[in-house]
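Undergrad: This is the structure, below, for whatever I ask next.
Coordinate-derived values only; no laboratory data. Only a predicted model underlies this, so the values are computations on that prediction, with no experimental measurement involved. Note that each Cβ is placed from the backbone with ideal geometry, even for glycine, and that neighbours are counted across all protein chains shown.
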Amino acid sequence: MKAASIVVVGGGIMGASVAWHLARRGWRDLVILDRSAAPGLGSTGAATGGFRVQFETPIDVRLSLLARRKLLRFEDEVGVDPGYRQAGYLWLADRREDLEALRSALAVQRAEGVTEAIELGHGEIARHNPAVRPDGLLGGAFCPSDGFIRPRSMLQGYLDAAARLGVRIEWGLEATGVTRASDGRITAVTTTRGALAAGAVVNAAGAWAGALARDAELDPPVIPLRRQVAVTLPCDLLPEAMPMTIFTGDGFHLRVRDGRVLLLWPTPGAPGRPFGVEVEDDWVAAVARAARARIPILGRAVVDRPSCWAGLYEMSPDRHAILGAAPRCPNLYYINGSSGHGVMHAPALGQLLAEIISDGAASSIDVTALRPDRFGSGAAPAPAGLL
């Protein structure tokens, strides 16, 4: 098998983004490896396509702002419409502590230059989503520049653009480990079709990143966390332009995509479940009840059970991305752990890692908060938080 300057393990949107950004900077002999038979069969294809700048930490807001700038020029640079549509994100609170958390997050967002995000009083909720039952709600937050993107279109755009720049993409080829020299550097990636010599390796394996090298010293502290999506039959009960609407207290949220309503409600636990597990009937019934209670018009909607699906988040201990060189292996790079925000931040993270690999440091924004060596030994991933 031909040697590569950089082997990118993972052909989802993270791997595709970093490969394209590296090739655009002039890197050659790049290879993407993915064990799937075709694009979009992993977590990227299971993403629901939300995009937001409404986060509670400065680094996540900065990643979103960089990603948004790149989305606005995505078609010119990559050649594909990313589907970015500014329909807004509407956060709703029925508890005082959740409203205070939204206010604190809003202060962070404004400090980072997000002037369009606003707090809403109870009486302003209906202006942004009149379908919501207002009973018990205290208020919320809204940002009109948030909205939706098309994960599969973005992925295919990056892959095609990378291929035009000479990146080799190998589907159906699984990385099974790495070979290291006496100085600790990786010299090759072992695969199901033999060894591939590598000058450097990028771990972009998503929810499977924590077991790529089969070596605790080399693998990032990332574990998978299952998420389920219920889908209605096509209907016109809610407008396509409805904002992503999120009930902050328990995370229930919904959006409209291609004429169907997507219903999402985080379930506790379930870490480490394999990708593609069957969606649970009890969960579908529960999320449908929650939808009818909070969005009364959905009492007329019918869940399309065969179209429901499950996917995986890649959770890091602090729910922030892990970006940069591995602490004990200078030619192994991580782009992992986005904890549910991977697709929306992939344009930014791909560019930033390309800067780190090419120049030794990121220059677009300060990514100190994402450095891989920030975790102590035995760090355990935390559950998803408020925002």
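Undergrad: How do 242, 154 rank when sorted from fewest to most other Cβ atoms within 10 Å of their own Cβ?
TA: Details: 242 20, 154 28.
By the 10 Å Cβ count, ascending, the order reads 242, 154.
Undergrad: Another question, if that's okay. Kindly put 222, 287 in sequence by how many other C-beta atoms sit within 10 Å of each C-beta, fewest to most. Please report the intermediate quantities before stating the final value.
TA: On the way: 222 27, 287 22.
With the fewest neighbours first, 222, 287 line up as 287, 222.
Undergrad: Another question about this same structure. Local charge sum around residue 213 (other residues, Cβ-Cβ under 10 Å, Lys/Arg +1, Asp/Glu -1)? List each step's numbers first, then the result.
TA: Numbers: positive: 180, 214; negative: 215, 217, 219.
For residues surrounding residue 213, the net value is -1.
Undergrad: Please give me the summed charge of the neighbours of residue 100: other residues whose Cβ is under 14 Å from its Cβ, Lys and Arg +1, Asp and Glu -1. Numbers along the way, then the final one.
TA: Values: positive: 95, 96, 103; negative: 56, 94, 97, 98, 119.
Net charge in that neighbourhood comes out at -2.
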